[in-house]
Amino acid sequence: MKNPIESESNQVHNTITSLLNEASQQLAVFLETLLPSLFDDWWKQAVVSNLSYQQQRRVEQHKIESLGALDLAALIRILDKNWYQISTKLNLNSESRHYVKEMQTIRNRWAHASTEGFPFDDVYRDLDTLQRFAAVIDGDEKFINLVQATKVSLRSNKNHEPNKKKRPEKLRRVEEINKKDFIGIEVVMKLYVVVEGKKRYLEEKIVNKYGLKEGQETPFTRLKIKED
């Protein structure tokens, strides 16, 4: 039987992965439409020359000749390396560049995501950045709406999670303090008698007065006791 938490994490991972794959296709179309108008030999100048060594080897080995055959990491790198020419032509601001940089981080994070997934706030922020990035690269309306719908669905599921049985933070702190106090008292008054099944710790002054020790019987019948 699958762990429900693990299943939910896998579902979120699959959804994000699917959206990132679609973002890759959208970015490929954007660059393929734009780069030829900015460079004479755009494939060599804007694409191959800006790839990492490993990415260039992949292009050579697989004889890749189109942007659509590149992965998201390579496409984001191409966008970033040609940002000056692209931003100048489209009049894009520094905020748009910020989303490009964030997308590099998001792609790397999800490419190496563990089965445990990420906190809700991180996932939601990644989706929000993806939506804004899609607008920067002139993604189609259907894709942008899909990312928006995923954000809404994610937040809705979060808001409808069953309340976990947790003690209020204030109460937990009080209990922790009381626990510490109890330990302190027990150290001072560790001797006790059992009355009706309950431990009754002896007062410190009684212990000191009679020099009581563990294993001894109380030398009196009307012992004043203090309940912890």
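Of all residues in region 61-101, which are β-branched (Val, Ile, Thr) and buried (at least 16 other Cβ atoms within 10 Å of the Cβ)?
64, 76, 78, 86, 100
Considering region 54-115, the qualifying helices (runs of 4 or more DSSP H), each wholly inside and each with 3 or more residues that are in contact with a Lys or Arg (Cβ under 8 Å, 6 or more places away or on another chain), run over 72-81.
Taken together, the values in this text are just the output of simple stated rules run on the coordinates, not laboratory data. Just so we're clear, the structure is a prediction, and the values are computed from it rather than from any experiment. For neighbour counting, all protein chains shown are included, and Cβ atoms are generated from backbone atoms with ideal geometry for every residue, glycine included.
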